[in-house]
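One structure below.
Laboratory data are not the source of any read-out in this text; all were calculated from the coordinates shown. Keep in mind that this is a model prediction, so the values were computed, not measured. Methodologically, a virtual Cβ is constructed for each residue, glycine included, from the backbone with ideal geometry; neighbour enumeration extends over all protein chains shown.
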Amino acid sequence: MSLVDYAVSGAVAQITLNRPPVNALDSELIADIDAAITQAEDPAIRAVVINGTKHFAAGADITRFVDAFDSEDSEPQASGLGAVIFRLEGLQKPTIAAISGYALGGGLELAMGADFRYLADDAKVGQPEILLGIIPGAGGTQRLARIIGFQKAKALIFSGRHIGADEAEVLGLADKVVAPEALLETALADAAQFTMGPTRAYWAVKKAMGAGYGLSIESALGVEREAFEEVFATDDAKTGILAFVNKEKPDFSGK
């Protein structure tokens, strides 16, 4: 993985995009992110932080879009990136995107695949594809609407504008805003806290909320019930319930 650094501290995996100067998303970087996600599927990893060097990711490598016009065998990166984001979203453990600098276009789409987004207070995010005469193609029109609401997402995508961290927090796109020098430390510390929790229950929440979104209430409650029954059979459920009854602090194993 020449363009992604993968590190593990305790049960936290850190995936760092490292394609200077702005982590433009080309096929090689996307493949390296995919490989890092595969490593993070290890059950010993119980939380993941994804970040970038200087910038999180300032969007797709637009020069590759030009190539796509001239070759029948070449196409924009949206389909490959979308599949990687879907894999990130499906990791069975909590994930945090720590955003410094720019997270634009595909970069913001990647960040929206994480459970939470922490922004440096000088970060800029947005979906500027409309300014190129195209639209987000790796989940931006769908995930942004689910995170900040349909009409606000439409307005942001129509404008193509970059927004600051404070506005992103007001919209609900940023879960935390911190000083740049504290960004990674905060994300890693919170991820470490997740590693001490009931990992399979976190996954059950992700699965129930993700699969139930947009369904009728009856169908969504069925999804929740199925997830509840699965997690109730885990070791951590027994640990947590017995600890509560015995007035003890639970020691969750993630199993």
Checklist entry - Could you work out the helix-only [θ] at 222 nm for the chain, with each DSSP H run of four or more residues adding -39,500 (n - 2.57) and the total divided by the number of residues, to the nearest 500 deg cm²/dmol? => result -14500 deg cm²/dmol
Checklist entry - Out of 209, 112, 196, any idea which swings most in a Gaussian network model of the chain, alpha carbons joined below 10 Å? => result 209
Checklist outcome for this item: Expressed in angstrom and rounded, the centroid-to-centroid distance over alpha carbons for segment 24-47 and segment 241-255 is 32
Checklist entry - When the Karplus curve 6.51 cos²θ - 1.76 cosθ + 1.60 is applied with θ = phi - 60°, which whole-Hz ³J(HN,Hα) does each residue of segment 199-207 get, with x for Gly and Pro? => result 4, 6, 6, 4, 5, 4, 4, 4, 5
Checklist entry - With springs only between Cα atoms under 10 Å, which of 15, 157, 147 fluctuates most in a Gaussian network model of the chain? => result 147
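With the contact rule set at Cα under 8 Å and sequence spacing of 6 or more, what percent relative contact order holds for the chain?
Normalised by residue count, the contact order of the chain is 16 percent.
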Next on the checklist: Using the Karplus curve 6.51 cos²θ - 1.76 cosθ + 1.60 with θ = phi - 60°, what ³J(HN,Hα) values do you get for each residue of segment 162-178, in whole Hz, with x for Gly and Pro?
Outcome noted: 8, 10, x, 5, 5, 5, 4, 5, 4, 6, x, 7, 9, 8, 8, 10, 9
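Full-extension gain between residue 152 and residue 79, please, as 0.36 nm times their residue separation minus the C-alpha to C-alpha distance.
Working: separation 73, 0.36 × 73 = 26.28 nm, distance 2.49 nm.
23.8 nm is the gain from fully extending residue 152 to residue 79.
Would you mind classifying segment 122-255 by shape? Square roots of the alpha carbon gyration tensor eigenvalues, ordered a ≥ b ≥ c; an a/c under 1.5 is rounded, otherwise it is prolate if a/b is larger than b/c and oblate if not.
On the way: a/c = 3.36, a/b = 1.60, b/c = 2.10.
Oblate shape, in that a/c is at least 1.5 and b/c is the bigger or equal ratio.
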Next on the checklist: Please compute the modelled spin-label separation between residue 255 and residue 232, points set 7 Å along Cα→Cβ, answer in nm with one decimal.
Outcome noted: 2.3
Checklist entry - Taking θ as phi - 60°, what are the ³J(HN,Hα) couplings along segment 95-100 by the Karplus curve (6.51, -1.76, 1.60), each to the nearest whole Hz, with x for Gly and Pro? => result 10, 10, 9, 9, 9, 10
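Could you count how many Lys pairs in the chain have their Cα atoms under 12 Å apart, skipping same-chain pairs fewer than 8 positions apart?
Lysine pairs meeting both conditions in the chain amount to 4.
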Item to check | DSSP bridge pairs, segment 78-226: antiparallel proportion in percent, nearest 5 | outcome: 15
Item to check | Anisotropy class of segment 4-194 from Cα gyration tensor, a/c 1.5 cut | outcome: oblate
Item to check | Inter-label distance for residue 209 and residue 8, nm, one decimal - labels placed 7 Å from Cα along Cα-to-Cβ | outcome: 2.7
Item to check | Alpha carbon convex hull of segment 199-245, projected area averaged over orientations, nm² | outcome: 3.3
Item to check | Distance (nanometres) between label positions extended 7 Å along Cα→Cβ at residue 39 and residue 217 | outcome: 4.7
Next on the checklist: When the expected Rg is taken as 2.2 N^0.38 Å, what fraction or multiple of it is the alpha-carbon Rg of segment 101-142?
Outcome noted: 1.15
Checklist entry - Say we join alpha carbon atoms closer than 10 Å with springs in a Gaussian network model of the chain; which of 79, 219, 27 then has the biggest fluctuation? => result 219
Checklist outcome for this item: The rounded separation in angstrom of the Cα centers of segment 201-240 and segment 133-178 is 27
